[in-house]
Amino acid sequence: MSWHDKSSQNHSMPASATRPLLPSGLKLLNWFLRGWTALVFVFLYVPIGVLVVFSFNSSRLNIVWQGFTLDWYAKLFANGPLIKAAKNSLVIASGSTVLSVILGTVGAWLLHRYRFRFSQAIQTLVAIPMVMPEILMGISLLILFATIGLQLGFTTVIIGHVTFSFPFVLVAVQARLQGLDPALEEAALDLGATPLRAFWLVIVPCLKPAIIAGALMAFTLSMDELIVTFFIRSASAVTLPIQVFGLARVGLNPMLNALSAVFIVATVAFVLFSEYLKKLSR
């Protein structure tokens with residue numbers, strides 16, 4: 001048999017014959033992990049799917065399907081207190097996100113760029129709100145505002161949200177700074193840029209992916225916050241989680257299913273938009 005015949009036979013062999021065979025134990029483990037992953041996804045997403053389906057259910061009890069309707073969505077968008085609470089949440093989340101991004105970015109840069117006494121202690125203190133129980137933070141902030149005489153309202157809610165949001169921005173930016181080449185800033189300074197101008201024109205563009213990730217995290221945490229807001233809000237600064245919690249305490253309300261479905265769609269759109277922003281920042 002010639003060399004060309006052997007080569008043609010090798011090329012004619014099926015691809016499966018050339019793949020390494022896994023031992024039976026690894027095959028079982030592989031199938032087990034696949035099945036477990038599928039169960040986790042079913043556990044996570046089937047209840048969400050059921051909730052979305054039952055948001056179109058005409059039954060007020062929401063236990064048995066009785067027919068298709070859009071009445072709950074019409075009632076949702078006609079509910080004045082819910083719409084006002086949603087607007088309040090957007091205003092508070094936007095304000096706290098902007099402040100969190102500024103404080104987190106500047107704080108991460110200062111801790112990374114300069115070495116001073118108690119810098120490690122300051123970094124530890126900044127991270128405490130990330131792990132502190134929310135009820136303790138809410139009570140402590142309420143006592144603080146009452147002590148200094150600051151009236152409860154939008155200002156106190158934004159301050160409270162910034163307190164636990166900006167550490168997430170700081171951590172994300174610090175992780176990005178660890179891989180940043182210090183020669184970039186040195187080159188900008190050598191070319192005549194001031195430290196502030198070098199930070200704004202050279203460092204900030206390099207930190208953009210981390211800043212966007214931290215901003216998205218801060219916005220999501222603010223929109224979802226209930227416990228801290230419950231202690232430091234006023235009657236005019238009711239957020240959407242507070243309003244939904246009040247409706248849920250009364251009993252099953254199909255309008256909440258419609259609200260949840262709207263938020264699910266908004267969340268998916270938000271995630272797709274964040275992925276788009278990440279691609280632009282690369």
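The values are calculated or read from the model by the stated rules, or taken from the named source; none is laboratory data. Owing to the predicted nature of the structure, the values given are computational and were not obtained by experimental measurement. All Cβ positions, glycine included, derive from the backbone under ideal geometry; neighbour counts span all protein chains shown.
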(message) Being of a type in the set (Asp, Glu) and surrounded by 10 or more Cβ atoms within 10 Å (Cβ to Cβ) is the filter here; which residues of the range 178-187 pass it?
(response) Glu185, Glu186
(request) From Asn88, Asn62, grab the single residue that is under 23 Å from Gly153 (Cβ atoms), in contact (Cβ under 8 Å) with a residue 12 or more places away in the chain and either in the same structural domain as Leu226 (by TED's automatic domain parsing) or not in a helix (DSSP H, G or I) (or both). (result) Asn88
(request) Could you check how many residues of the range 193-223 are among the charged types (D, E, K, R) and closer than 18 Å to Gly95 by Cβ? (result) 0
(message) Would you confirm, using the coordinates I've provided, whether Gly251 is small (Gly, Ala, Ser), free of Cβ contacts under 8 Å to residues at least 24 places away in the same chain and closer than 24 Å to Tyr45 by Cα?
(response) yes
(request) Identify, by number, the condition in (1) at pLDDT below 90; (2) under 30 Å from Ala237 (Cα atoms) that Ile63 doesn't meet. (result) (2)
(message) For the range 101-123, give me each residue that is under 22 Å from Asp181 (Cα atoms), among the aromatic types (Phe, Trp, Tyr) and not in a helix (DSSP H, G or I).
(response) Tyr114, Phe116
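Residue-by-condition table, conditions (1) surrounded by fewer than 18 Cβ atoms within 10 Å (Cβ to Cβ); (2) more than 30 Å from Phe54 (Cβ to Cβ):
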site: Leu170; (1), (2): no, yes
site: Leu189; (1), (2): yes, yes
site: Pro205; (1), (2): yes, yes
site: Ile211; (1), (2): no, yes
site: Ala215; (1), (2): no, yes
site: Ala258; (1), (2): no, no
site: Val265; (1), (2): yes, no
(message) Just to be sure before I move on: is Phe164 surrounded by 18 or more Cβ atoms within 10 Å (Cβ to Cβ), closer than 22 Å to Thr97 by Cβ, touching a residue at least 12 places away in the same chain (Cβ under 8 Å) and not aliphatic (A, V, I, L, M) in the structure I sent?
(response) yes
